[in-house]
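A quick write-up on the structure given underneath.
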Amino acid sequence: DELYSPGFFGLFAGSATLQPERSRSFEAGLSWMPTRGHKFDVSLWHTSVRDLVAFDGINFDAININRAAMDGGEISYRYTTGHWSAGAAATIQRARDEGTGLDLLRRPRRKLDADLRYDFGNGFDLSVDALATSARRDFGIDHLASYALLNVAAGWNLHPGWRVETRLGNLFDEQYELAHGYNTPGCNLQLTLLWRPGD
């Protein structure tokens, strides 16, 4: 599509002269378990990209960004004891076009996620998870608004190899966008039946 797509009503067309992306990444991490059940992780990274594929201009045609860079770090913690498991992770990052200094599209500078799970030990479990991100740039607007989501889920291993899961997503019906002009689900309910042969 990025090479040959005619686009959609003249928008987001490909370019046959587009060059492939090339990147080089460096990452360092540290894990620490001070006592049983407690685990900390820290990681730092840098990625340098040549000819990053993006869309730009009046019609958002496919282009190459000469040089881009992504720098960031994440710290996470997980606690496990008995039937309980809980964790959280915080990420700070900066993805930018090195030619203009502007942030790359749809990449938040800050993210935070957390989860809490309880396993009843009889094949039934309950969990809750949350995600929050900061504002980020997008086509045609200065930024997409920050948002926070809360989800609740339950699962039941009803038979060897079979599992039923239900998930109430976006519990507080947060209005948000991952891409400008595209709808995202409000409060929603999902029911899933899983079969894993050999379990």
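The values are calculated or read from the model by the stated rules, or taken from the named source; none is laboratory data. Only a predicted model underlies this, so the values are computations on that prediction, with no experimental measurement involved. Every residue, glycine among them, receives a Cβ derived from its backbone with ideal geometry; neighbour counts consider all protein chains shown. When the accessible area is computed, the model is the full protein with side chains, heavy atoms only, and any ligands, DNA or RNA have been set aside. Shrake-Rupley method; radii C 1.70, N 1.55, O 1.52, S 1.80 Å.
Key figures
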| read-out | value |
| --- | --- |
| Part-to-part distance (alpha-carbon centres) for region 67-87 and region 154-169, which is given in Å | 25 Å |
| Relative contact order, percent, the chain [alpha-carbon distance under 8 Å, six or more residues apart] | 11 percent |
| With DNA, RNA and ligands ignored, accessible area of Leu193 (1.4 Å probe; Å², nearest 10) | 110 Å² |
| Inverse of mean 1/r across different Cα pairs in region 1-157, Kirkwood, Å | 18.7 Å |
| Of Leu52, Leu112, Leu11, the one that fluctuates the most in a GNM where the chain has Cα springs shorter than 10 Å | Leu11 |
| Among Ala145, Ala16, Ala130, residue whose mean-square fluctuation peaks in a GNM of the chain (springs only between Cα atoms under 10 Å) | Ala16 |
| Column: log10 I(q)/I(0), Debye, Cα scatterers of region 1-86, q = 0.12, 0.23 Å⁻¹ | -0.60, -1.03 |
| Charge context of Pro185, other residues only, Cβ under 15 angstrom, K/R +1, D/E -1 | -2 |
| Alpha-carbon Rg/Rh ratio, for region 94-187, with Rh computed the Kirkwood way | 1.14 |
